[in-house]
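What follows is one structure encoded as C-alpha cells, with my remarks underneath.
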Amino acid sequence: MATLLDDLSAALGPGGVVTGAEAQDLAKSPWTRLGSPVAVLRPRSTVEVSAILRLARAAGQPVVPWGGRTGLVDGAQADGALALSLERMNAIEEIDPATGVMRVQAGCVLQTACEAAEAAGLLLPLDLGSRGSATIGGNISTNAGGNRVLRYGMMRDMVLGLEAVMADGTVVDALNPLIKNNAGYDIKQLFIGTEGTLGVVTRAVLRLRPKPASHNVAMLAVDTFEALSPLLRRLDRGLGGALSAFEVLWPEFYKLVTTPPARGTPPLPRGHAFYVLTEAMGGDIHSDGERFEQVLAGALEEGEIVDAVIAKSDSERAALWALRDDVGQTSRDGPILAFDVSLKIAQMETYVADVRAAMSAGGADGDRLVVFGHLGDGNLHLIAPMVDRTGPARRALEEAVYAPLRTRGGSISAEHGIGLMKRAFLPWSRSPEELAVMRTLKAALDPGDILNPGKVLGSAEA
Ligand code: ZN
C-alpha cells in the first residue's frame, strides 16, 4: 500500500493524495455512510484519473468515485478503498448559446452549472434538493431525477455525450455534442445510472433548453385520491406542454413542513387529503399566467381541486417550493429511512395502505409513514422512522415497503439507485436475465472488480 500511495502522490502532485485524519474528516457526511477510505485522491485532470485507475488496477486496489456525497443508498461507501474525489475537476469548459450545449467537468456542482446556463439565457433543467452539493458527475452516475422530470426527463435525457475512464485507465472520449447520433452503440449509456461501477465519468456535454419566460406556481388542495389523475391530465393538456411539476404532499408531510420548528406557514388550511404543488414554465409572460388560472378554475369547477393559492411573486413562488424542498423536517424527530419507489399512479393509494398495514403488522407504526413525491412521474418518496440499522426489524421494514411493489410491477428505486442499501432487493425489480446482462457488462468492463466494488450487484465472488 505504501508503494501505491507513493506512486499516486508522484502522479497527482501536491494536495492530490489525502490520508490520515484529514481523509477521515472528508469521509463524514450527514447523508450517507462513506466508511473509512485508505486515502482520498483529488485529481485535477482526466490524465490523472487515468493514472489513478492504472495504478490501482495493477495493485488490485478498489476505487470508489466521489461526487457531492449526497447520495442516499451508501453508493459512495469507501471502506478500505481509495476514494476518488472529482472536486478539483469542477470547471465549466464551454457554453454554446447558439446550439444550447454546455461542456463541464464532472466535479462541477449542479447549482453552479445551472447558474452558468442561466447567465447565458439558457436552462439546465435538472432540479433537486441537494443542488448546492451534488455534482454533475454524481448526477450522471446515478441518473438523477428530481422535480422537473415530468417536463424535461431525468439526467439521462440531458446528457449528449461524456468522457469516462475505464477500470484499466483507458479514456473513452464520447463527448458527442449532437442531438441525433445513431452511429453504433450509444457508449455513454454504460456510464449513466451505473453508479460508478463501469467507469468514472470525468467530463460531460449537456443539452440546455431555452430559459422559460414565464413561471407559474400554485398549491392546490385535493380531497380524494381519485381526483389526482384527472387533475394531472387536465393540467398537462390545458397547459399545452408547459407543465413542469406535479408534486403531491400527503397530509402528514404538509403538516411537518408547515409547523415549527419548520419555517414554512400553511398557504392553505390543513385537513385536506392531498396537497399538490404544481408549476408551469412557458414562453409567453403575458398570457401564460392567465392560462394557468383558467386551467385551475376549470379544475375547481369540476371539483378536482377544492382550494388553491397561486403565487404572485418570485418570493411567493420560492416560499411554495421551499415547503416541498424542506424534506429535512422528516428527520426532526429522529433518524429516518427514506424510500423512492415507483409504480402506476392508479395503484398508489392501495399501495400506501398496504405498506402502512405491513409496517404495523411487523411491529412498526404505519401511521408514522410520511409520503410525498413526484406523482407526475409515478414516483413516491416514503419516509419511515429508522429502526435498528442492520437487524431483522430493518429487514422487515424494507420488506413492508418493497413486497407490495412486486405484485404491482413497481420499482424499488425510482431515483436514488441501489448502492449497498438495496442490493438484496434488486431481484424484486429486475428479472434474472436482466441481472445476468448487468453481470456480463461488469465482468467485461471491470474484470478485476476494482470500480466501486460491491455496489449495485454485490461483489464478484458473491
Ligand atoms: Zn425525489
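Couplings 3J(HN,Hα) of segment 66-72, computed from phi: 10, x, x, 6, 10, x, 10 Hz, in residue order, whole Hz [Karplus 6.51 cos²θ - 1.76 cosθ + 1.60, θ = phi - 60°; x for Gly and Pro].
Magnitude of the charge dipole for segment 266-404, about its Cα centre and with charges confined to Cβ atoms of Lys, Arg (+1) and Asp, Glu (-1), is about 640 debye.
Of the peptides 228-238, 66-76, the order by per-residue mean of other Cβ atoms within 10 Å, starting with the highest, comes out as 66-76, 228-238. Pairwise Cα separations in the chain fall into 20 Å bins from 0 onward with the following percentages, short to long: 24, 55, 21, 1.
Evaluated with a Cβ-only charge set (Lys, Arg +1; Asp, Glu -1), segment 342-423 carries a dipole of roughly 260 debye about its Cα centre, given to the nearest 20.
Please give the direction-averaged projected area of the C-alpha convex hull for segment 1-86, in square nanometres with one decimal.
Working: hull surface 20.2 nm².
Mean projected area of the Cα convex hull: 5.1 nm².
Ordering Thr440, Gly15, Gly362 by the projection of their Cα atoms onto the charge dipole of the chain, which places +1 on the Cβ of Lys and Arg and -1 on the Cβ of Asp and Glu, puts Thr440 at the extreme positive end. Annotation: amide H-H contacts under 5 Å for Ser244 (H modelled 1.01 Å from N, sequence separation of 5 or more, or interchain): Glu279, Ala280, Met281. In percent, rounded to a whole number, the relative contact order of the chain is 15, using alpha-carbon pairs under 8 Å and six or more apart. Can you bin segment 95-235 into rounded, prolate or oblate? Criterion: square roots of the alpha carbon gyration tensor eigenvalues sorted a ≥ b ≥ c, rounded for a/c under 1.5, prolate for a/b above b/c, oblate for the rest. Because a/c hits 1.5 or more and a/b exceeds b/c, segment 95-235 counts as prolate.
For Phe274, the residues 5 or more places off, or on other chains, whose built amide H falls under 5 Å of its own are Val222.
Sequence-distant contacts, meaning Cα pairs under 8 Å at least 6 residues apart, place the relative contact order of segment 163-261 at 22 percent. Placing unit charges on each Cβ (+1 for Lys and Arg, -1 for Asp and Glu) gives segment 175-247 a dipole about its Cα centre, and among Leu198, Asn182, Leu239 the Cα reaching farthest toward its positive end belongs to Asn182.
From most to least packed by mean Cβ count within 10 Å, the peptides 96-108, 176-188, 144-156 give 144-156, 96-108, 176-188. Taking 7 Å steps out from each Cα toward its Cβ at Leu441 and Arg233 produces label points 3.5 nm apart. Around the Cα centre of segment 49-136, unit charges on the Cβ atoms of Lys, Arg, Asp and Glu (plus for the first two, minus for the last two) sum to a dipole of about 380 debye. Based on every Cα atom in segment 373-441, Rg and the maximum pairwise Cα distance Dmax equal 13.2, 37 Å.
Quick note: the coordinates plus some simple rules give every number you see, no bench work behind them. On a predicted model such as this, the values are computed, not experimentally measured, just so you know. Reconstructed Cβ throughout: ideal geometry from the backbone, glycine too, with neighbour counts over all protein chains shown.
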